[in-house]
Structure formats: structure tokens, C-alpha cells
Amino acid sequence: MSVRKVRDAAVVMAAFLALIWIVQVLNWADGYRLDSEFGILPHQVGRLGDIFTAPFLHVSWQHIEGNSIPLFVLGFLAAYRGIAKFLLVTLIVAVTSGIAVWLFQSNGLTVGASGIIFGYFGYVMLRGIFDRNLVDIGVGILAAAMYWGILSVAIPGTPGVSWIAHLGGLVGGMAAAWVLRSPQATLLPRRGQATGITSSGTADAGRRADAGGAAGSGRGSRAESGVSSGSGGAYGSGGAGRDGQTRPLGSTDADELLRKIDEMGI
């Protein structure tokens, strides 16, 4: 995570909120005609594409006011790891929430960003677990503590609320956390490999050390018996490398591991 990514996440969510509020003003001024034209109508094939427009529409000022803060907060938490991945999460959530309404809701028009909100909620809760990232796990716990109460409207029984849209978004967000997990999460080193030193590598290092010691001993004995220093120096330099400098054991592997950890954002 970087300052630039945090800034980008805040800008994207501010722009998202500005857009839905502009749409709300236009919708209100037109007597909410946009709702009836671009909301989701279940089982109507010609209205299937409206799953992508319905999240930008609301039925009242109270509706959009209630959605704005959780949309910004959870959207920001979903976006601070990268905008490209965030856009994919949004697409997945919009599809699962909208398709759930189109397939399973019995009747009535559905609009609103709450399905997207539930999707971000599910994604943020599970992302850290699937990515094996302690920071994101903490963020997920914080989000769950702040918004666990919204789960009550993801189950049947709340009048005037499309719980199917909420549940579809929640499931989509959880699925997105798994599908879009970081590749490094599946490639973490096993115990004994964290430093990049395997048993065979240790054995090879031991053999090199023994050879170097023998070379040094041979050089020393030749020096004592009057062998020329030039000959002894050429023999002894073979264990140190071409640049004449001794490298710490496993330093290249350790650098590679640190690079991978940095890429994971830990």
C-alpha cells in the first residue's frame, strides 16, 4: 500500500459519489422517471442490461443519503490496494447482485447502490484472509465491527428492501476476494524455505566452505615451504568468486524473498 494508491482510492470514491448525486438530482427533477426506465425488472430479458444502471439510481433523497457514507467508506477500503482490481470487484458485484434480483425476485422495480455496498463489505472482510495480509485482515475486522448490522437486511423479512440484491452483492464480494487474491498468497514458502536455503543448498554451501578451507590451508602450507606467493594466490582466490569478494550465504535468496514481501504490501 502506498500514499498514491490511498489518494487514488479517495479520488475514485469521491467521483463515484459525485456521479450518483448528480444522477439523483436529474432523476428527482424528472419525477424519478429514470428509475422506471433503467431499474431492474425481474425476468424481463429486454431489461437484463439494467443491472449495470440500477446501482446509480435511487428512489428518494433518504435512500441516497443512507447509502452514501457506507458506500464511500467500504468502497475506499476496497480500492486502496489498486484501482484496477477495485473496478473488477465492482463489476463482479454488480453482476451477482443484479442477476440475483433479475432471477429470483418475484416482482417490483429495484434500484440503488446497496447491492454494491454489500459486495464491498464481503470483499473487504475476506480479502486479507485470502491474501494472507495482516494489514488487510485488520481492516476487514474493523469493517465488520463497523457495519455488521447491515447484514440484518441481507435476510428475508425487511419490508421495502430488496434483500436478494443485498445477498447477491455480499456473495459476489466474497467470491471476488477469492478470485482476485494476490498470486503470492498461493506461493508462500514452506517452513525451512523462508530464507531460500534448502537442505541441498546447505550441503552445497558446506562443501564449498570445506573446499575453501582446504585451499586456504594448502596455500598456507605452500607459503611456509617456499612456494611462490603468486601461485598460492591464484589457487586461493578460486573460493572467493570472480570479484574477489565473499558473499553471505543465501543473500541472493533473501533479497528475492524481501522483494516478494514488498510486492505483497506487507
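Coordinate-derived values only; no laboratory data. Only a predicted model underlies this, so the values are computations on that prediction, with no experimental measurement involved. Every residue, glycine among them, receives a Cβ derived from its backbone with ideal geometry; neighbour counts consider all protein chains shown.
Exposure proxy check: H43, H58, H63 ranked by fewest other beta carbons within 10 Å?
On the way: H43 12, H58 27, H63 16.
Ascending number of Cβ neighbours within 10 Å: H43, H63, H58.
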*Given a Förster distance of 35 angstrom, what is the FRET efficiency for L19 paired with A144, based on the Cβ-Cβ distance and rounded to 0.05?*
0.80
*Find the centroid of the Cα atoms in segment 107-167 and in segment 12-33, then give the distance between the two in whole Å.*
22
*Using the Karplus curve 6.51 cos²θ - 1.76 cosθ + 1.60 with θ = phi - 60°, work out ³J(HN,Hα) for each residue of segment 114-121 in order, rounded to whole Hz, and write x for Gly and Pro.*
5, x, 5, 4, 4, x, 4, 4
*So for F38, F86, fewest C-beta neighbours within 10 Å to most, what's the order?*
F38, F86
_Fewest-first sequence of L126, L151 by Cβ atoms within 10 Å of each Cβ_ = L151, L126
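Give me the number: length gained by fully extending V135 to W28, i.e. 0.36 nm times residue separation minus the C-alpha to C-alpha distance, one decimal in nm.
Full extension from V135 to W28 adds 34.4 nm.
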